[in-house]
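Presented below is the structure to which this report refers.
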Amino acid sequence: MTRHIFTSSATEPIEFSESATTATSHFEDAFVITSSMLSALQNICPCDTSADNLAQSGRDWWPRAMNWALRNETPQRAGVVCRPTSTEQVSELAIFCNEHRIPITAAGGRSAVTGAAVPLRGGVALDMTSLQGIESVDSVSGLVEVWAGTFGPDMEAVLQKQYELTVGHFPQSFDISTVGGWVACRGAGQYSTRYGKIEDMVAALEVVLADGTIIRTGGAPAGAVGPDLTQIFLGSEGTLGIITKVWLRAHPMPHYQQRAAYTFATFADGIQAVRTLIRDGATPAVLRLYDGSESKRSHGGDGTTATLLVLDEANQSLVETTMSIVHDAAIANNASPADAALVESWMHHRNDTSALQALTRKGFVVDTLEVAVSWSAVDAVVHDVEEAILAVPHARSATCHLSHSYLDGACLYFTFAATPPEDEFDSTYQALWDAGQHAALNAGANLSHHHGVGLNRARFMKDALGSAFVVLQALKTTLDPHNILNPGKLGFK
Ligand SMILES: Cc1cc2nc3c(=O)[nH]c(=O)nc-3n(C[C@H](O)[C@H](O)[C@H](O)COP(=O)(O)OP(=O)(O)OC[C@H]3O[C@@H](n4cnc5c(N)ncnc54)[C@H](O)[C@@H]3O)c2cc1C
């Protein structure tokens with residue numbers, strides 16, 4: 001079940017302009033691995049110091065790093081790529097690195113879009129993808145024990161074919177991301193309204209701490225055993241521990257599906273319909289509402305009407321009831337039923353990001369900003385974020401869709417583009433994020449719904465968490481006193 005990183009039929013990253021081997025590092029101050037350290041690491045697990053792999057493992061899908069690749073730069077070079085094949089090897093490696101203060105940055109598919117997997121201080125790039133495969137399945141309880149470095153398609157193929165089960169986690173990056181990366185970033189799949197986010201799917205974790213201690217958290221369907229320790233590592237982005245194994249909750253494979261599409265005169269009307277149907281208890285697996293511009297771009301709209309795509313899969317009576325609630329809420333908010341073939345078309349193109357890649361190659365700043373927001377603040381966040389982004393010099397567009405819904409609110413997913421002169425790419429990128437993220441926070445949104453924080457959003461963490469940030473910092477200081485785990489991320493000191 002070996003899968004190479006950065007492979008996907010419709011999703012190719014931007015290559016270095018010359019060759020990865022000659023790429024230079026954008027950031028300075030990398031930790032230097034001495035030859036004696038390298039020998040010790042090589043005695044623990046397979047290691048790689050080829051120039052090509054050091055440069056490749058220095059980046060992820062952060063759009064800024066994609067632009068740097070066009071200048072033949074990688075954000076940072078690790079001193080060595082280590083590929084452990086067991087939890088014990090991860091533990092031995094952590095003990096050695098902790099003793100010698102060597103930074104360790106864990107990585108799965110390196111599909112993070114925030115710079116989270118960039119080894120900012122050099123040291124060890126810990127490639128987790130040799131820890132892969134399903135270890136066991138409890139098909140009575142629907143529990144899957146899976147190694148953290150397993151890619152999505154590898155896990156689902158085995159579960160669906162051999163066990164008639166599905167975890168139901170299908171992020172757009174499904175082909176190029178791993179179970180450990182999903183957990184470390186608190187990811188969300190496109191079917192999340194029925195199956196939940198990854199934090200709802202994780203039953204237990206095996207984690208290696210910075211000092212090499214191997215711990216196991218969770219393990220019961222629910223608990224009242226103090227705070228939930230599993231949740232501490234969900235979203236920790238490699239800064240609090242290295243996740244080696246995950247126990248995921250799986251569902252019986254659904255054998256019934258329905259699809260529907262609607263158009264609304266305005267995005268706000270569509271939002272009211274989604275809020276109504278969700279508050280009435282309907283949870284269709286896919287529920288995506290696109291504003292006028294995104295509808296025109298992807299679903300053939302006229303530029304003003306919003307498009308709602310709905311797909312549900314489960315037991316037949318559950319799906320029929322759900323889709324009937326959806327229909328009633330849509331019609332009550334003045335929707336016109338549209339051709340359900342729009343859903344089919346979305347299914348075919350949903351993981352294809354080649355259009356965004358093409359714009360990056362042409363020198364556009366293109367990125368996405370996703371936040372979670374309560375229903376009462378949705379309209380203000382949409383307005384304020386778009387207005388703030390469009391006020392930045394060289395900004396060309398800011399559009400929005402609603403991609404995940406909850407009883408109390410939703411995820412708003414903004415896509416923005418700008419065309420700065422080449423020497424203003426970095427400053428424009430920074431200005432767009434400052435404008436959009438501050439506007440979102442000020443209007444009541446959180447910092448991120450599922451992409452996480454990484455490097456790109458580290459500067460907003462204290463604003464976003466306020467006085468509660470000290471709790472997170474205290475955890476970091478206690479669990480990783482020498483700051484060896486993914487230093488420079490999540491806004492830590
Ligand atoms: C085209 C595209 C579409 C995307 N769509 C979605 C989407 O729909 N939903 C979504 O949630 N995300 C999406 N993402 C973002 C990204 O795919 C997710 O954040 C994903 O969960 C990262 O997984 P990964 O294996 O690639 O992790 P990496 O990028 O390798 O790492 C991400 C972070 O997790 C840490 N990490 C990785 N593995 C471990 C481990 N075993 N232990 C501890 N820390 C670890 C790393 O240190 C890093 O901080 C998308 C990205 C791209 C490029």
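Each reported figure results from applying straightforward, stated rules to the coordinates on display, with no laboratory input. From a predicted model like this one, the values you see are computed outputs, not experimental measurements. Cβ atoms come from the backbone with ideal geometry, glycine included; neighbour counts cover every protein chain shown.
Comparing Ser376, Thr399, Asn446 along the charge dipole axis of the range 344-493, the residue lying farthest to the positive side is Asn446, per the Cβ-charge model.
Using Cα-Cα distances under 8 Å and only pairs 6 or more residues apart, what relative contact order does the chain have, in percent?
Details: 1132 pairs, mean separation 72.8, N = 493.
15 percent.
Normalised by 2.2 N^0.38 Å, where N counts its residues, the alpha-carbon radius of gyration of the range 275-359 equals 1.18. The ranking of Thr34, Thr244 by Cβ neighbour count inside 10 Å, starting from the fewest, reads Thr34, Thr244.
How many Å³ per residue does the convex hull of the Cα positions in the range 354-456 occupy? Mind showing how you got there, number by number?
Values: hull volume 9.6 nm³, N = 103.
Per-residue hull volume (Cα only) is 93 Å³.
Projected label points at Asp339 and Ile95, each 7 Å from Cα along the beta carbon direction, are separated by 6.4 nanometres.
Based on the Cβ-Cβ distance from Ser86 to Asp228, what FRET efficiency comes out when R0 is 25 Å, to the nearest 0.05? Result of the calculation: an efficiency of 0.40. Taking the empirical scaling 2.2 N^0.38 Å for compact globular proteins as reference, the range 442-493 has a Cα radius of gyration ratio of 1.16.
Could you work out the relative contact order of the range 134-252, using alpha carbon pairs under 8 angstrom and six or more residues apart, expressed as a whole percent?
Relative contact order comes out at 33 percent.
Remark on the range 96-175: ratio of C-alpha radius of gyration to 2.2 N^0.38 Å is 1.35.
Using alpha-carbon pairs under 8 Å, 6+ residues apart, how would you state the relative contact order of the range 354-456 in percent?
Once divided by the residue count of the range 354-456, the mean separation gives 38 percent.
Taking the convex hull of the alpha carbon atoms in the chain, what volume per residue do you get, in Å³? The partial results should precede the final answer.
Details: hull volume 68.5 nm³, N = 493.
For the chain, the hull spanned by Cα atoms encloses 139 Å³ per residue.
Here the range 134-252 yields Rg over Rh of 0.94, to two decimals, using C-alpha coordinates and the Kirkwood radius.
A cut-off under 12 angstrom between Cβ atoms defines the neighbours of Arg275, and their net charge, with Lys, Arg +1 and Asp, Glu -1, is -3.
Here's the picture: charge each Lys and Arg Cβ at +1 and each Asp and Glu Cβ at -1 in the chain, and of Val207, Asn333, Thr321 the one pushed furthest to the positive end of that dipole is Val207.
Provide the packing ranking of 408-416, 25-33, 187-195, i.e. peptides ordered by the mean count of other C-beta atoms within 10 Å per residue, highest first. The partial results should precede the final answer.
On the way: 408-416: 21.6, 25-33: 15.1, 187-195: 25.1.
Result, highest mean Cβ count within 10 Å first: 187-195, 408-416, 25-33.
Length gained on full extension, Thr477 to Ala220: 89.7 nm, using 0.36 nm per residue less the C-alpha separation. Using a Förster distance of 25 angstrom, determine the FRET efficiency expected from the C-beta separation of His438 and Tyr406, and round it to 0.05. Once the sixth-power term is evaluated, E becomes 0.60.
Full extension from Ala358 to Leu318: what is 0.36 nm times the residue separation minus their Cα-Cα distance, to one decimal in nm? Present the calculation step by step, with values, prior to reporting the outcome.
Numbers: separation 40, 0.36 × 40 = 14.40 nm, distance 4.15 nm.
My answer for the length gained is 10.3 nm.
Computed from the Cα positions only, the extents of the range 20-128 along the three principal axes stand at 37, 24, 20 Å, in decreasing order.
Between the range 451-488 and the range 217-258, the alpha-carbon centres lie 21 Å apart.
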